[in-house]
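The values are calculated or read from the model by the stated rules, or taken from the named source; none is laboratory data. All values reported here derive from a predicted model rather than from experimental measurement. Cβ coordinates were reconstructed from backbone atoms using ideal geometry, including for glycine residues, and neighbour counts include every protein chain displayed. Each accessible area value is taken on the protein alone, full model and side chains, heavy atoms only, with ligands, DNA and RNA left out. Shrake-Rupley method; radii C 1.70, N 1.55, O 1.52, S 1.80 Å.
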Amino acid sequence: MNVIVAVDKNWGIGKDNKLLVSIPSDMKFFREETMNKVVVMGRKTLESFPNGLPLKRRTNIVLTKDRNYKVKDAILVHSVEELMEELKKYDSEDIYVIGGDSIYRQLLPYCDVAHVTKIDYAYEADSYFPNLDEMSDWTVERTSEELTYFDLEYMFVKYVRQ
């Protein structure tokens, strides 16, 4: 299973249920990586999308404790156990965990690849991704060259679990 995330210098990922910054090439990478695949997210992440609608041309699975929650064109699950049962229907390589922070924390132990866009700037954030650089079981497999979007420097880093 994969995880895909954009983080700032402090591994911050969002503030007030919004991304810290929107970088077009990061959005393009996300789209290309997840298109026609399975995306797993929490309710708040889904609600942060335009009109709170699931992502097109992907199988959207939403993990929420709210058993009354309804959303068209998405599969709803209410526990990690229920999610794992649902995910057995799909190839593990085609599954991408896309947030938010509590979903990342709950599902990171099940992931073996992490696609991290590292942004060389510290934003004010209220949600964070676990720092993979401090975890001995994760190593960097590949790093892109440093890229620039206006005055922001960033790179794409692929981590793999050992």
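When the stretch 52-80 is examined, which residues are found to be assigned to a loop (DSSP other than H, G, I, E, B), in contact with a helix residue (DSSP H, G or I) (Cβ under 7 Å, 6 or more places away or on another chain) and open to solvent by 50 Å² or more (accessible area, probe 1.4 Å)?
Matches in the stretch 52-80: Asp66 only.
Would you confirm whether or not the stretch 14-30 contains a residue that is at positive phi and of a type in the set (D, E, K, R)?
yes
Name the single residue that is most open to solvent (accessible area, probe 1.4 Å) among those in the stretch 131-140 being of a type outside the set (Val, Ile, Thr) and closer than 21 Å to Ile13 by Cβ. Walk me through it before giving the result.
Taking the stretch 131-140 as the starting set, the residues that turn out to be of a type outside the set (Val, Ile, Thr) are 131-138.
Those left that are additionally closer than 21 Å to Ile13 by Cβ: 131-135, 137-138.
On the way: Asn131: 41, Leu132: 1, Asp133: 88, Glu134: 148, Met135: 61, Asp137: 56, Trp138: 14 Å².
Across the stretch 131-140, the extreme among qualifying residues is Glu134.
Would you check if there is a residue in the stretch 81-101 being of a type in the set (Val, Ile, Thr), open to solvent by 10 Å² or more (accessible area, probe 1.4 Å), closer than 30 Å to Phe150 by Cα and assigned to a helix (DSSP H, G or I)? Don't jump to the end; show me each part of the working.
First, the residues of the stretch 81-101 that are of a type in the set (Val, Ile, Thr): 95, 97-98.
Adding the requirement that they be open to solvent by 10 Å² or more (accessible area, probe 1.4 Å) leaves 98.
Applying the additional criterion that residues be closer than 30 Å to Phe150 by Cα yields 98.
Filter again for assigned to a helix (DSSP H, G or I), leaving none.
No - not one qualifying residue is present in the stretch 81-101.
Using beta carbons and a limit of 6 Å, which pairs, at least six apart or on different chains, have the first residue in the stretch 66-92 and at pLDDT 95 or above and the second one open to solvent by 60 Å² or more (accessible area, probe 1.4 Å)?
His78/Arg67; Val80/Gln106
Would you call Asn10 polar (S, T, N, Q) and either open to solvent by less than 80 Å² (accessible area, probe 1.4 Å) or closer than 22 Å to Arg105 by Cα (or both)?
yes
Which residues, counting only those in the stretch 38-65, are under 19 Å from Met27 (Cα atoms), among the aliphatic types (A, V, I, L, M) and touching a residue at least 40 places away in the same chain (Cβ under 8 Å)?
Residues satisfying the conditions are Val38, Val39, Val40, Met41.
Show the residue pairs meeting these rules: Cβ distance below 6 Å; 6+ apart or different chains; first residue within the stretch 141-162 and open to solvent by less than 40 Å² (accessible area, probe 1.4 Å); second residue basic (Lys, Arg).
Qualifying pairs under 6 Å: Val157/Lys118.
Residue by residue through the stretch 13-37, note down the ones that are surrounded by 16 or more Cβ atoms within 10 Å (Cβ to Cβ), touching a helix residue (DSSP H, G or I) at 6+ places or on another chain (Cβ under 7 Å) and more than 15 Å from Lys56 (Cα to Cα).
Correct list: Ile13 only.
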